[in-house]
């Protein structure tokens, strides 16, 4: 597959809904990935329909975790003192070089058995899911001396990329909201509210003309804002916006006051 792994390694799942490609989560979608979806829609849909696999995250000591959900991200903290990385051919090449060092170093004999058992499981998964050809190519083309294995530093860098994407998407949504404000006001002149989708929040968001507007009961539980509250959210971080949405989903009378 050519395109789907790019989304998976970014910590994003793609699915089809009513003929549309739906990224999940949407708030970390980058311009580069957005361009891939636009230019290669047919190929991406074909890969989505063909996908039926899993992912293996491996730490530098060959400890591994398998899951079917790519939203864990390319790297994640296992909570056991290890940073795990989603296995691909270059990372396998680096892991194989580490195993070679364990085999050749006499001081490692005491832990060779455990390391070998872990690595054999990783290798078996890689052969079945990545393929021998891809692994051979990774071994030939990866400079293991320059390869950066997973660490706290690489994990922080990866998470920083997510945060940049979230800020850019939030800014894009706010700018789009400004351009659509006349249309929103027109819709509010009728029933008094509009139902929107925010990229940073998984669900509907209600924008009402003011706090007195009554909203259809089918949208109960959706966070609700009036235009004044939205203005107060300008400059807020993604985490702050999501936090406000979560509070409003539970406490429907909560308001943004500053």
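For residue 136, work out the one condition from (1) in contact with a helix residue (DSSP H, G or I) (Cβ under 9 Å, 6 or more places away or on another chain); (2) outside any loop (DSSP other than H, G, I, E, B); (3) surrounded by 13 or more Cβ atoms within 10 Å (Cβ to Cβ) it doesn't fulfil.
Failing condition for residue 136: (3).
Out of all the residues in the range 169-194, which are modelled with pLDDT of 75 or more, under 29 Å from residue 71 (Cβ atoms) and surrounded by fewer than 16 Cβ atoms within 10 Å (Cβ to Cβ)?
Across the range 169-194, there are no qualifying residues.
Would you confirm whether any residue within the range 53-60 is surrounded by fewer than 19 Cβ atoms within 10 Å (Cβ to Cβ) and closer than 20 Å to residue 127 by Cβ?
So far as the range 53-60 goes, yes, one or more of its residues are surrounded by fewer than 19 Cβ atoms within 10 Å (Cβ to Cβ) and closer than 20 Å to residue 127 by Cβ.
Just to be sure, is residue 110 modelled with pLDDT of 80 or more, in the same structural domain as residue 71 (by TED's automatic domain parsing) and either more than 25 Å from residue 74 (Cβ to Cβ) or surrounded by 14 or more Cβ atoms within 10 Å (Cβ to Cβ) (or both)?
The answer is no for residue 110.
Residues in the range 146-167: is at least one more than 23 Å from residue 10 (Cβ to Cβ) and in the same structural domain as residue 103 (by TED's automatic domain parsing)?
no
Criterion first (more than 20 Å from the chain's Cα centre (by Cα), outside the structural domain of residue 15 (by TED's automatic domain parsing) and surrounded by 16 or more Cβ atoms within 10 Å (Cβ to Cβ)) does residue 96 satisfy it?
yes
I'd like to know if the range 118-130 contains one or more residues that are in contact (Cβ under 8 Å) with a residue 60 or more places away in the chain, touching a helix residue (DSSP H, G or I) at 6+ places or on another chain (Cβ under 6 Å) and surrounded by 16 or more Cβ atoms within 10 Å (Cβ to Cβ).
Yes, the range 118-130 contains at least one residue that is in contact (Cβ under 8 Å) with a residue 60 or more places away in the chain, touching a helix residue (DSSP H, G or I) at 6+ places or on another chain (Cβ under 6 Å) and surrounded by 16 or more Cβ atoms within 10 Å (Cβ to Cβ).
Looking at the range 49-81, which of its residues are without any contact (Cβ under 8 Å) to a residue 24 or more places away in the chain and more than 20 Å from the chain's Cα centre (by Cα)?
Correct list: 80, 81.
Which condition number does residue 36 fail, the rest of (1) assigned by TED's automatic domain parsing to the domain that holds residue 14; (2) within 18 Å of residue 148 (Cβ to Cβ) being met?
(2)
Given the criteria part of a strand (DSSP E or B) and either modelled with pLDDT of 70 or more or not assigned by TED's automatic domain parsing to the domain that holds residue 29 (or both), does residue 201 qualify?
no
The values are calculated or read from the model by the stated rules, or taken from the named source; none is laboratory data. Keep in mind that what you see is a predicted model, and the values were worked out from it rather than measured. Because the Cβ atoms are built from the backbone with ideal geometry, glycine has one as well, and the counts that use them run over all protein chains shown.
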